[in-house]
1. Would you mind telling me which numbered condition in (1) hydrophobic (A, V, I, L, M, F, W, C); (2) touching a helix residue (DSSP H, G or I) at 6+ places or on another chain (Cβ under 6 Å); (3) surrounded by 14 or more Cβ atoms within 10 Å (Cβ to Cβ) residue 216 fails?
2. What is the number of the single condition among (1) open to solvent by 40 Å² or more (accessible area, probe 1.4 Å); (2) at pLDDT 85 or above that residue 62 does not meet?
3. Kindly evaluate residue 136 against the criterion of being open to solvent by less than 40 Å² (accessible area, probe 1.4 Å) and within 24 Å of residue 6 (Cα to Cα).
4. Pick out, from segment 219-286, the strands (runs of 3 or more DSSP E) lying fully within it that include 3 or more residues that are open to solvent by 20 Å² or more (accessible area, probe 1.4 Å).
5. Can you spot a residue in segment 40-56 that is assigned to a helix (DSSP H, G or I) and within 37 Å of the chain's Cα centre (by Cα)?
6. Suppose the filter is outside any helix (DSSP H, G or I) and either among the aromatic types (Phe, Trp, Tyr) or within 16 Å of residue 49 (Cβ to Cβ) (or both); does residue 91 pass it?
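The values are calculated or read from the model by the stated rules, or taken from the named source; none is laboratory data. No experiment lies behind these values; they were computed from the predicted model shown. Every residue, glycine among them, receives a Cβ derived from its backbone with ideal geometry; neighbour counts consider all protein chains shown. For the accessible areas, the whole protein counts, side chains as well, though only heavy atoms, and no ligand, DNA or RNA atoms are used. Shrake-Rupley method; radii C 1.70, N 1.55, O 1.52, S 1.80 Å.
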Amino acid sequence: MRRRRIYWTLQLGGWTAAVAFFFALRMVFTAPSVKVTWKEVANWAIYWAFAVGMTHALRSWIQRQGWLDLPFSRSWYRYAAAVMGTGGVLASQVGSTGVILGALTWKDISPGWLVGMWVNGSFLVLVWLAIYVTAQMVRRYQEARTRALQLELAAEQARLQNLQAQVNPHFLFNSLNSVRALIMEDRDRAAEAVTQLAGILRYSLRSDREPTVSVAEEIETVTNYLALERMRFEERLRVKLVVDEAVGEARIPALLIQTLVENSLKHGISRLTAGGEVEVAVRRTGGTVTIEVRNTGALATATESGIGLANARERLRLLYGKGAHLALSEQGGTVTARVEMPFRTRESAA
């Protein structure tokens with residue numbers, strides 16, 4: 001409805017302006033002794049109505065014949081014929097209607113007069129056609145771009161969901177493995193571990209529905225997970241959590257920190273006889289959230305190219321584009337996974 005209203009506003013307003021312009025020229029270049037009669041005004045009004053109707057019919061014809069879908073090499077002569085034909089019809093209408101109304105005589109309708117009216121009418125139709133075709137091309141381009149963006153967004157959302165689905169089974173398997181190891185050793189601690197695992201399961205199910213979670217929610221789950229792992233590693237695992245209060249509501253990809261922590265245990269602590277320390281630090285600097293997961297150990301090629309890190313990088317790319325990145329580094333027997341990403345809350349993300 002809005003598009004139709006805009007079309008008729010431009011159609012009626014454009015032709016009103018065009019006819020008014022040519023009528024004004026007639027007033028300027030005609031001798032003052034030649035008075036404007038109601039018959040001449042009526043003829044101009046009929047010309048206006050005829051022009052509106054003819055170009056509207058031309059628009060319908062263009063749409064039905066699919067001219068806009070044709071390459072220019074196969075459509076330019078169609079447009080040219082339409083312009084000259086419509087201009088000729090408008091010139092004939094002015095002459096015949098003028099004679100019928102008495103505004104003109106047959107002597108007034110000379111070949112030169114007819115050619116002039118034909119050129120004027122063709123020029124107006126050419127301008128109308130150029131505006132109409134340009135507007136249609138722009139609209140089609142915008143619609144095609146919108147469809148492409150929608151398809152791209154849908155593909156990225158599906159890809160993000162697939163990546164999320166890859167993370168959860170791995171995460172839950174590790175948690176279940178830790179609980180299984182405790183059942184035969186210490187039933188009380190195993191019972192406590194089951195409670196922690198239940199919290200992890202609830203979080204996992206929630207994270208399936210949303211691509212991002214708050215830092216506070218993620219840290220709570222990471223704390224439960226590390227508690228399970230400490231039961232398995234015992235004194236070999238030391239944990240340190242440092243989270244700024246200002247960053248608790250920040251939204252991050254679900255299970256991002258969890259993936260980095262799992263990676264630090266798998267490729268770091270588990271390979272060291274004496275164990276080591278895992279430190280998780282999350283802070284905000286201006287509009288940036290920085291996440292660092294450090295662990296005792298050495299950086300290996302398998303760590304850098306692992307599925308978990310590749311998954312994390314891809315989810316960051318899909319959610320933030322070039323605004324986020326993940327990098328690994330090693331210094332002094334400590335491996336650091338560092339993520340920088342935009343600070344967003346639920347409200348700002350919406």
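1. Tallying (1) hydrophobic (A, V, I, L, M, F, W, C); (2) touching a helix residue (DSSP H, G or I) at 6+ places or on another chain (Cβ under 6 Å); (3) surrounded by 14 or more Cβ atoms within 10 Å (Cβ to Cβ), residue 216 fails exactly one: (2).
2. (1)
3. On the way: open to solvent by less than 40 Å² (accessible area, probe 1.4 Å): yes; within 24 Å of residue 6 (Cα to Cα): yes.
Yes; evaluated as a whole, the condition is true for this residue.
4. Details: elements: 237-243, 251-253, 276-285.
Here the list reads 237-243, 276-285.
5. Yes, the conditions are met somewhere in segment 40-56.
6. no
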